[in-house]
Structures are given as structure tokens and as C-alpha cells.
Amino acid sequence: MYSIAASSFFSPKLPKNLPFHNPNRPLFTIVRSSSVAQEIDKSSEERTESLGLKGLEFPAIKGAKRVVLVRHGQSTWNAEGRIQGSSDFSVLTSKGESQAETSRQMLIDDSFDICFSRWPACSSPLRRSKRTAEIIWGAREEEIITDSDMREIDLYSFQGLLKHEGKAKHGEAFRQWQIDAPNFIIDGHYPVRELWARAKSCWDKILVHESKSVLVVAHNAVNQALVATAIGLGTEYFRILLQSNCGVSVLDFTPQTEGGNPSICLNRLNQTPGSPVAGGSSAGRKTSKRIVLVCHGVSESDLESSMPYTGNGPLNMLGNIQAQKIAELLLDLKVNTVVSGTKIASVETADTITKVQEAADCLGADCIPRYVEMKQIPDLDVESILTQSKKDASGLQNLSSGWLNRLEDDITTSLWDQSEKSWKHLLYELSKGSDQDNVVIAVGHPALHIAMMGHCLNLTKEWLGSFHLNAGSITVIDFPDGPSGRGAIRCINYTAHLGRWSIPITRSTQADEEY
């Protein structure tokens, strides 16, 4: 057991003049309770203000920028269950090195901007992160820049302790760290609040540089904070947008014609080297209830439609490949229920998943297939709403990040209201089966799933453009406290299972550019 003085783990104190844009106008509001029930009671305007959408400000950018975030591989202290924080005593395990190599392979054909001298890639200065960055960066000649603001969360006296030691030595504080992290205080510091301020400082530095694609290798908590602050979510979202070892997250920044804040979209979250559905814990908490949102495959009618992925026709060749790949990925789960809308592409994708699940345990001629319930729910159909849009669909067909922001307000309002009904259906399906494991698969249009994610996160329709999904992708939401509790999003827009048919991570953020 390690016995190192707590003071040796301390990181330098943050300066008093934290990097807020305006000291009289906070970038985000600290919410005194993370209770979902309390949040639901707020009006839409109050929720928007508390979550920070109106207060958070970023530098204007001249061109579209894509930032790829990667968490470091498994470290020795990860394996031991030791609280790391911003300490620098742990190094990558052999598994961590292997994870980093897998991430390198995931990114090997992707194009990172090297047109500027200092910021093609940046990393936390801590050894576990630097080593991960070195493996991923490979033989590229450009220098990897380290930035202390990208270090892991400062946890002061907690750092170096095993979790049971932290509970024994700091009982009440440890409990607050587990259940109310935004208000967790230790040694006179609020670590999560400090982290959110530090994440904003990172974005200010990244965005002022002339670059189209940037790789950032850092840590679990700081990557959570980077994702959350980018899309305007406050500290109450700590541990809600998960980051696995070597998981890849992608954020797109698009300039506005009038200048000011860029449009920001989370293109994908936590694309992991391993399966995103294997294992059953969220942020260290065991979970037995899960919703998997599956975007149906491409249909034969999509090329002729005025709106992308209408699903009115049967799956085309690519769509059938996507459906089969999805079904194979989901074999890591024992699925109870598959629900879909009534559109042909959704029904065919759901049917492929169901048949593979039912046949999964059949090895002999006498095997009786396991029954998986399959339902078609009209409330999961939103295509008729989307096709009412009078917007020019030529730009929408490419499904660039934030495309839902370009639809008329009455269309997004109808989509939002319809998706609320859909989300309630899924929570009802998840509530069945008492305390036993329950996995619900929902197949539908990307726009529907984006909106349902918004309801899961207790957002408003103004966030619809903050998330992106592709055909054939999956999004995984865990419920460690059951369907009445808060959902933790394990991954968004996961496409690695599609292999050669997946969308490159660093593809252009502009429709008129190609890599």
C-alpha cells in the first residue's frame, strides 16, 4: 500500500482570476442540487440559463474546426482502483499500451491539420496521457504540445488513496464526491468547479489557433469537462457523458457569418477501442438497465427523398450491411425488447437485430430460439414531421453537424414534442421486469434519437443542433438507478462496428471540402 503524504499530491493552486469572460457574468451557474426532479420543475427559460447556454462564450473562428479528444489508456492506478486525480505516479499498463495502439489504428488514416507550427496535437503533461499521445501520434514529425490546463482533475488529499481508504479517511466528503460531485469540497477547494473553469481556458487556447483538425489526449474528468463546456452544460453533468480508456470523442466548431460564438456540435462521444455494450458499469457504478438507440440503415428511397434517411423504402445494400453489423455488435447484450417506428427501414433493421438475438444461443438442430419481443410504435415515427420542412434539402442530405439547427422552428418544436412521447415509451419498456436486467433497443431516425437524448439529459429543443448521429450508428444510455433515475450516456454515434463502411473520424466539417 502506498503511504505518501497528502501534500505531495497537491497541484499548484489555480489563480484567483479564473478565466471567465466577464467576472460579473458567470460562464455557467453552479447548481446546488443535481436532482433531476428539481430540474424538471424549472421552466425552459430557467433551465437554459442554469445550464449555461446563454452565458458561455468562445472566441470567434474563421473556419470550421474539428477537435478529437482521446482519454489515456489504462494506467497502473486505474488497474489498482486508486484515486489518481492530477498526480503523476502512474503509468500505462500493457493493456493501456494496447488500447492506445488500437486508437492509433482507428485514427491512422485520418487527417490532422499540420499547417501550423505549434498545435497539431496537444496533451496533458501527465505521463499516462503523454505516453498515450506518443503512441497515437506515431511517426508524425510535428511536436506534441503539453498544457497543464489539460491535466486531470485536482483531488488534493484524495489522490493516491484506494477507494475504500478514501471512504474510511474522508467519510462524508467521499460520499459527497460520489453523489454530489459539483458541490464536493476538499482542502478548501471545489474540484469539479475548478475543472470546468480550466476546461473553458483550454477551449480559449485551442480555438484561437488557425487549424482545421486538432488531436487532444487527456483524461477522464477533463475530457468530460471539455465536452460539457463546449456544448454549454454545467457541472451537474459531471459523470453523465462517460469517457472510457482511449475512448474518442469529436466536437465540430462552425463559424457564424456574423461572427461571435461558433456553432458547436458533439459529433460523437466515447468511440472506444472495445465494444461499447460489453460490461455493465457506468462511472464505476453497476447497471443492469440500458437503452440502446439504433439509427436505422440507409434505405432505397433515401437518394430520392427531400429529407435524409426518411426510411420509406426497404434497406438498400449498404443499409442491410449496417443492420447486420449492428446486430452482431449487440450480441454482447441479452436483449429483451426491440422497438421501432413503422417505417420500412426501421422495421427491417429491428427485424435483423431480433433474428440475430434469437438465434444467438442456437448451436444445434434441436435448439429452441430465445424469444425477443419486437414492437412497432407509431410514436417513434418523426419522418412525416421532417418532410414538412420547406428548407433546401441539398445541404441537409450530407447531414453535416448541427443540421437540425437549419430547420424551421415549428418543425423542431413538433419534433421535440413527438420525441418526448417516444422517450416516455422507452422508459416504460425499461421499467418492466422489476430489478432484473433489462435492455431495450430502439430503432429509428437519427433526428428522433437526437431529440430523445435531449430529453434524457433534461435539455430544451435549443440543444437539438448540439448532437449528431449517422445511419447505422448506436448510442448507449445506462440507468444505474433504474428508469426513474438519471441516465448516463456511455457513447453517442458509435460507428466502429461498421468497419470500412464507417464515417472517418476526421472527415471535413464543411460540405464543400473533402479529405
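The values are calculated or read from the model by the stated rules, or taken from the named source; none is laboratory data. Note that the structure is predicted; figures quoted are calculated from it, not measured. Here the Cβ positions follow ideal geometry from the backbone for every residue, glycine too, while neighbour counts run over all protein chains shown. Surface accessibility is based on the protein's heavy atoms, side chains included, excluding ligands, DNA and RNA. Shrake-Rupley method; radii C 1.70, N 1.55, O 1.52, S 1.80 Å.
Just name the residue that is modelled with the highest pLDDT out of those in the stretch 472-493 that are open to solvent by 10 Å² or more (accessible area, probe 1.4 Å) and within 18 Å of ILE450 (Cα to Cα). So, considering only residues that are open to solvent by 10 Å² or more (accessible area, probe 1.4 Å) and within 18 Å of ILE450 (Cα to Cα), the one modelled with the highest pLDDT is ARG490. Among the candidates LEU226, LEU207, the residue that is touching a strand residue (DSSP E or B) at 6+ places or on another chain (Cβ under 8 Å), crowded, with 24+ Cβ neighbours inside 10 Å and aliphatic (A, V, I, L, M) is uniquely LEU226. Can you run down the residue pairs with Cβ atoms below 7 Å, 6 or more apart or on separate chains, where the first is in the stretch 120-144 and within 15 Å of SER94 (Cα to Cα) and the partner is crowded, with 22+ Cβ neighbours inside 10 Å and aromatic (Phe, Trp, Tyr)? Listed by first residue and then by second, the contacts come to nothing, as the list is empty.
For (1) in contact with a Gly (Cβ under 7 Å, 6 or more places away or on another chain); (2) modelled with pLDDT of 95 or more, each residue gets a yes or a no:
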residue: ARG104; (1), (2): yes, no
residue: ASP113; (1), (2): no, no
residue: SER129; (1), (2): no, yes
residue: GLU141; (1), (2): no, no
